[in-house]
Amino acid sequence: MTKLYERHLADVQLTSAQFSILGALGEGGPMVMADLANVLVMDRTTLLRAMKPLQREDLLKSTSSADDPRQLVFALSAAGERKLKQALPLWNKAQEEFEAEVGAREATQLRRSLLALGKSA
C-alpha cells in the first residue's frame with residue numbers, strides 16, 4: 001500500500017511519512033515532537049528520520065517552546081505550505097486508485113483497522 005502512495009508522491013519528492021508530517025502540521029498547526037508523534041501514531045526515531053529531509057529543504061520551521069525552551073515546536077514554513085498544496089491532489093489520486101482496487105467500503109475498513117492497530121502499539 002505504501003508503494004502506491006509513494007509512486008504518486010514521487011512527483012513532489014515526498015515519502016508517505018513526509019506527506020503525513022506536512023499534513024498533520026498543516027491541519028493541526030504547530031506542535032512539539034511528542035504531540036506530532038502521537039497524532040501520526042509514529043515512534044520518535046521514525047519521525048525524526050522522516051523530518052530531517054523536510055528540515056534540510058526548509059519545509060519545516062522550528063522554534064523553542066514558550067512553555068519549555070528545551071522543546072522545539074515544529075510548523076510548516078511557507079515552502080512547506082506550498083509543498084503540501086502541491087502534494088494534496090497527488091495524495092487524493094492515490095486514495096482514488098486504492099479505493100478503485102479494493103473497493104470504497106473495504107478501503108475505509110482497512111484504514112480504520114490500521115489506525116486502531118497503530119494506536120494500540
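Between 50, 87, 94, the distinction of being touching a residue at least 60 places away in the same chain (Cβ under 8 Å), closer than 23 Å to residue 2 by Cα and within 14 Å of the chain's Cα centre (by Cα) belongs to 87 only. The number of residues in segment 13-30 being over 13 Å from residue 40 (Cβ atoms) and buried (at least 18 other Cβ atoms within 10 Å of the Cβ) comes to 1. Applying the set (1) more than 14 Å from the chain's Cα centre (by Cα); (2) within 16 Å of residue 20 (Cα to Cα) to residue 64 leaves exactly one unmet item: (2). For segment 38-60, a residue qualifies if it is out of contact with any strand residue (DSSP E or B) (no Cβ under 9 Å at 6 or more places or on another chain), of a type in the set (Val, Ile, Thr) and either surrounded by 17 or more Cβ atoms within 10 Å (Cβ to Cβ) or part of a helix (DSSP H, G or I) (or both), and the qualifying residues are 45, 46.
Taking into account only those residues within segment 1-44 that are among the β-branched types (Val, Ile, Thr) and over 11 Å from the mean Cα position of the chain (by Cα), which is nearest to residue 95 (Cα to Cα)? Step by step, filter segment 1-44, then rank; the result is 2.
Taking every residue in segment 17-45 that is touching a residue at least 24 places away in the same chain (Cβ under 8 Å) and pairing it with any residue that is in a loop (DSSP other than H, G, I, E, B) and of a type in the set (Gly, Ala, Ser), at least 6 positions away or on another chain, the pairs with Cβ-Cβ distances below 9 Å are 32/65; 41/121. Is segment 66-86 home to any residue that is at pLDDT below 95, in contact with a helix residue (DSSP H, G or I) (Cβ under 9 Å, 6 or more places away or on another chain) and closer than 19 Å to residue 35 by Cα? Yes, because at least one residue in segment 66-86 is at pLDDT below 95, in contact with a helix residue (DSSP H, G or I) (Cβ under 9 Å, 6 or more places away or on another chain) and closer than 19 Å to residue 35 by Cα. Please determine whether any residue of segment 38-45 is at pLDDT 95 or above and of a type outside the set (Phe, Trp, Tyr). Looking through segment 38-45, none of the residues is at pLDDT 95 or above and of a type outside the set (Phe, Trp, Tyr). Checking segment 68-78 against the condition returns no match, with no residue being among the charged types (D, E, K, R), surrounded by fewer than 13 Cβ atoms within 10 Å (Cβ to Cβ) and part of a helix (DSSP H, G or I). In the condition set (1) part of a helix (DSSP H, G or I); (2) more than 23 Å from residue 6 (Cα to Cα); (3) of a type in the set (Val, Ile, Thr), residue 63 is compliant with all but (1).
The values are calculated or read from the model by the stated rules, or taken from the named source; none is laboratory data. Computed from a prediction, not measured in an experiment: that's the story for all the values here. Reconstructed Cβ throughout: ideal geometry from the backbone, glycine too, with neighbour counts over all protein chains shown.
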